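Here the structure comes first, spelled out in structure tokens, and everything after it is commentary.
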Amino acid sequence: MPPGYGFSESLRWLLDEFPQLPGTAKTPAFQEPLAALRLGLLRNVQLQSLLARSCYLSAVGGWASGLPPNSGDPEFDARASNDETIIRQCHERLTSLMDRFRAMSDPDEPNQEMIAIGARIIEVQCGYEITMKHEIPFVKMGLTSLFDSMILLTYATFEVFVGDLWAAYINIHPDRFPRGDKQVKISDLEHFNFDVGHAVGDLFKYAHRANFQSFGGIKQAYGWIFDRRSPEIAAFASEPDIELTSHVRNLIAHRGSRVDRQYIKNVKPWLNHSELKPLAKVIEGQPVELSGPLVSAMIGPCIRCSVKLFNAIDGREHSVANRKAIPKP
């Protein structure tokens, strides 16, 4: 990894993709999934910002504790003095940004200023290391953990969103679900107090009649209720790199980021991908090396797909409602 690991680039999606999310749904039934998506992504930013500050302070403490008052080496002492100045300046800027971040009037509703500050906090946190010409193990370990958590949290938010949106649509149109797959257990019905008149989608989701824990399962679930040429299906087809994100997420969650044979087999299609090739060109038994640009390239598709999918479904249902509202002559 290069110094700094391009961590500020890992938040590129915040400034490029997040603002594309609509604030409110045209269809009231879809407002809750949308709000959960926005809040989930916001919480991700807040957590990364706080963790980045902890990583920063730990790195500063570890570096400072290893500095002798006077090593006798003029070149080393000059570099150490310069590094200390940089660290102090970054610390002051970081503290100011964190104060502004905490002072946001409505932390549950993301806005452009909050997004910009969240991105800048992490950018400043990495700034001093980019200037230094030596590796700091504390920073590398901390930033690796931050990259991992960013991927885990974003993909989890994406999974929950597509599942909730699917259920909300089936609640309105229960007839769209395949007839042969409608069997559920009595215990599943009991969970809803046997009242599923307006919660058929929630019931099927709860009963695991659709699998939202893999990208393939997500595409299959939507393929059951939408035509393959529909904009809803096109939303998934236009962002195939989500599948790679899911493979990396599984590796982080279940294998401690260490590459196994199954991962190597799964990611072969990305060996010719110029931007994501480093995630496919790996060695078995070694951890996947992440960087800011790679993380951004994996998160961006999840957000873009969410935006396209929501706009397609919300727009479809809004058009249907408008047609029904037009009085017949």
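Any read-out appearing in this document is the output of simple, stated calculations on the displayed coordinates, not a laboratory observation. Here the structure is a predicted model, which means the values were calculated and not measured. Positions of Cβ are backbone-derived with ideal geometry, glycine not excepted, and every protein chain shown enters the neighbour counts.
If neighbour count is taken as other Cβ atoms inside 10 Å, put THR154, THR27 in order from fewest to most.
Listed from fewest to most nearby Cβ atoms, that is THR27, THR154.
What number, in nm² with one decimal, is the all-direction average of the projected area of the convex hull of the alpha-carbon atoms of region 279-329?
Seen from a random direction, the Cα hull of region 279-329 projects 5.4 nm² on average.
Counting only the backbone N, which residues of region 284-317 are under 14 Å from the spot 7 Å out from the Cα of SER214 toward its beta-carbon?
none
For the pair GLU275/HIS254, report the inter-label distance in nm, with labels modelled 7 Å from Cα in the Cβ direction.
Placing both labels 7 Å beyond Cα along the Cβ direction yields 2.7 nm.
Going by how many other Cβ atoms sit within 10 Å of their own, how do VAL45, VAL162, VAL282 line up, fewest first?
Lowest count first: VAL282, VAL45, VAL162.
Provide TRP166, TRP224, TRP13, TRP270 in ascending order of the number of other Cβ atoms located within 10 Å of each residue's Cβ, fewest first.
Sorted ascending by nearby Cβ count, the order is TRP224, TRP270, TRP13, TRP166.
Need one number: nm distance between label points at LEU21 and SER149, each 7 Å from Cα along Cα→Cβ, rounded to one decimal.
Reported label-point gap for LEU21 and SER149 is 1.9 nm.
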